[in-house]
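Just below is one structure, and these are the notes that go with it.
The values are calculated or read from the model by the stated rules, or taken from the named source; none is laboratory data. No experiment lies behind these values; they were computed from the predicted model shown. Neighbour counts run over all protein chains shown; Cβ positions are idealised from the backbone, glycine included.
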Amino acid sequence: MTGAGDAAVREVRAALVGRGPVGQLPAAFLAGVTRFARPAPAELDAQRSAAEDLAARLATGEVGEQDLPLLTRVLFFAGHADLLAAAGLPVPGYDVLGGFRDNLARPLGPRLPERPTAGGRRWRLLGRTVGFPIGVPACVLNGSEAWVRHNVAGGYRVLTYKTVRGREHPPNEQPNWTFAPGARSSLPPGAAAEVVSDPWSWVPPGDPAVSTVNSFGVPSPAPEEWMADLARSLAAVGDDALLLVSVMGEGDGADLVTDFARTARLAEEAGAPVVELNLSCPNTLSASADGVKPPLCLDADATVAVVEAVRRALDDRTGLVAKLSWLDEPALAALVPRLVPLVDGIAGINTLQSRVRRSDGAATFPGRELAGLSGIAIREPALDFTRRLVALRAAGRAHFDVLAMGGVTDPASFEALFTAGADAVQSAAGAFADPFLARRCIAALGETLPRAVEAP
Ligand SMILES: Cc1cc2nc3c(=O)[nH]c(=O)nc-3n(C[C@H](O)[C@H](O)[C@H](O)COP(=O)(O)O)c2cc1C
């Protein structure tokens, strides 16, 4: 038992006692666990008795490092995760019980005492250089200035501001993001996924076998709001990091194309050096039986029409990245040569649109049968996609950068995508579940990762 772990648990206990009677903790925990649905009675009883035992030991002070796994779970669902973060302990960075808006203002994870660096080495990306090619992709972990600052402090250098729209758009009904504890290994590329995920599911922070499912529906503040926030975020990143901005259009056919171009222009106006097009959202609502549409990039003609229109609308100096879902061999080979003349980079993969149910058989996300699976479950599809994308780049005439993501939860999975030829590697589910992921990757690979260049 390390003294540091015990001391951190004691610090959390003292802060918790300062907030109110620890006897109330089990009820707060169970309120969180049952916020969106109820576990089966036996499971609920087991969770209740574990929380009651813990609360009894917290009351007497007989707690130590060995209690951390349970303490973390109980405090996360009881709404006290900030106490763990304040003590420097790992906790998932996003409060899945809270709403999208509440979370925008408040990253949950611990703030590192020192920003991890790779000793001044730099890597080339999209015409600039970055201090280490790890990042957080477009997702709710990059939805505001507070998050961008948090991620930069955590060591991430390639941030993509969460997909924004040309008008305000509410999030889908909660829950929006849940763990999938049964999905502990990767699906093979191309496999369809059926996932069991309960709103109370849990995977401990730092477990590299983490998968999650999400169904946010690409919420967006109104342009006046996100443009001002984006301008502040861009000013906050510093010269060894890059902040891209993801945008998405609305509507069908010509309306969709026009709205993509208009929204991309708004991002450019706010100062975006690189615009990323979300051509791969798995969570757009529709009146279909599944409740959502397939990702746009499955339709190559519609995708190219959007990218062409955006390229025409943007200043030549603004970088353009197309973000894709996993596509099979013929679809990727047909689409990439059409995109290459228009873009500076291709990003992928987005989450895998998957059928998601609770353990009692009901839909995890009300009204939406399909949601986006990511984390280790999509690691092999992401590697497969990246290798094929890099091969298409080598076979073609024009260069484009590759921003790879999907299943990066530890240094080895980061390195695998980089070694496959990616210019930068990003993590969403891994960054959510492990607040120290960038630091671990930089510590493991900062001095040895190839393709570094002289700092400018
Ligand atoms: C909660 C959540 C929200 C996301 N939102 C977006 C988004 O707004 N735009 C987008 O292009 N991708 C979005 N993504 C997809 C990620 O950017 C990434 O492509 C995907 O999660 C695969 O990486 P991972 O396995 O590291 O999670 C989201 C992913 C998650 C987990």
Just one listed residue, out of VAL292, VAL274, is β-branched (Val, Ile, Thr), touching a residue at least 40 places away in the same chain (Cβ under 8 Å) and farther than 20 Å from LEU403 by Cα, and it is VAL292
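Okay, residues lined up against (1) part of a helix (DSSP H, G or I); (2) near the ligand (Cβ under 10 Å from one of its atoms); (3) among the basic types (Lys, Arg); (4) out of contact with any Lys or Arg (no Cβ under 8 Å at 6 or more places or on another chain):
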{"residue": "SER374", "(1), (2), (3), (4)": "no, yes, no, yes"}
{"residue": "GLU380", "(1), (2), (3), (4)": "yes, no, no, yes"}
{"residue": "LEU383", "(1), (2), (3), (4)": "yes, no, no, yes"}
{"residue": "THR386", "(1), (2), (3), (4)": "yes, no, no, yes"}
{"residue": "LEU389", "(1), (2), (3), (4)": "yes, no, no, yes"}
{"residue": "ARG393", "(1), (2), (3), (4)": "yes, no, yes, yes"}
{"residue": "ALA398", "(1), (2), (3), (4)": "no, no, no, yes"}
{"residue": "VAL402", "(1), (2), (3), (4)": "no, no, no, no"}
{"residue": "GLY407", "(1), (2), (3), (4)": "no, yes, no, no"}
A careful count of residues in the range 113-143 that are over 23 Å from PHE365 (Cβ atoms), part of a loop (DSSP other than H, G, I, E, B) and in contact with a helix residue (DSSP H, G or I) (Cβ under 6 Å, 6 or more places away or on another chain) gives 4
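Give the number of residues within the range 103-131 that are under 18 Å from the mean Cα position of the chain (by Cα), more than 15 Å from the ligand (Cβ to nearest atom) and either of a type outside the set (A, V, I, L, M) or buried (at least 16 other Cβ atoms within 10 Å of the Cβ) (or both).
The qualifying residues number 3.
Residues are listed down the side, and each one gets a yes or a no for (1) assigned to a helix (DSSP H, G or I); (2) within 33 Å of the chain's Cα centre (by Cα); (3) closer than 22 Å to ARG358 by Cα:
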position	(1), (2), (3)
ASP6	yes, yes, no
PRO39	no, yes, yes
GLU43	yes, yes, yes
ASP67	yes, yes, no
Among residues of the range 409-432 being part of a strand (DSSP E or B) and more than 8 Å from the ligand (Cβ to nearest atom), the residue farthest from the chain's Cα centre (by Cα) is ALA424
Filter the range 132-147 for residues that are within 16 Å of the ligand (Cβ to nearest atom) and closer than 19 Å to GLY98 by Cα; the one that is surrounded by the fewest Cβ atoms within 10 Å (Cβ to Cβ) is VAL140
A careful count of residues in the range 320-367 that are away from the ligand (no atom under 16 Å from the Cβ) and either of a type in the set (A, V, I, L, M) or in contact (Cβ under 8 Å) with a residue 24 or more places away in the chain (or both) gives 22
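This table checks each residue for (1) over 24 Å from ARG368 (Cα atoms); (2) assigned to a helix (DSSP H, G or I); (3) in contact with a Pro (Cβ under 8 Å, 6 or more places away or on another chain).
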position: GLU250; (1), (2), (3): no, no, no
position: ALA261; (1), (2), (3): yes, yes, no
position: LEU266; (1), (2), (3): yes, yes, yes
position: CYS281; (1), (2), (3): no, no, yes
position: CYS297; (1), (2), (3): no, yes, no
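A quick yes/no check of all residues on (1) under 18 Å from the mean Cα position of the chain (by Cα); (2) assigned by TED's automatic domain parsing to the domain that holds TYR161; (3) surrounded by fewer than 24 Cβ atoms within 10 Å (Cβ to Cβ); (4) within 14 Å of the ligand (Cβ to nearest atom):
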{"residue": "VAL245", "(1), (2), (3), (4)": "yes, yes, no, yes"}
{"residue": "THR263", "(1), (2), (3), (4)": "no, yes, no, yes"}
{"residue": "GLU268", "(1), (2), (3), (4)": "no, yes, yes, no"}
{"residue": "PRO273", "(1), (2), (3), (4)": "no, yes, yes, no"}
Within the range 84-102, the residues that are under 16 Å from GLY32 (Cα atoms), of a type in the set (A, V, I, L, M) and out of contact with any Asp or Glu (no Cβ under 9 Å at 6 or more places or on another chain) are VAL96, LEU97
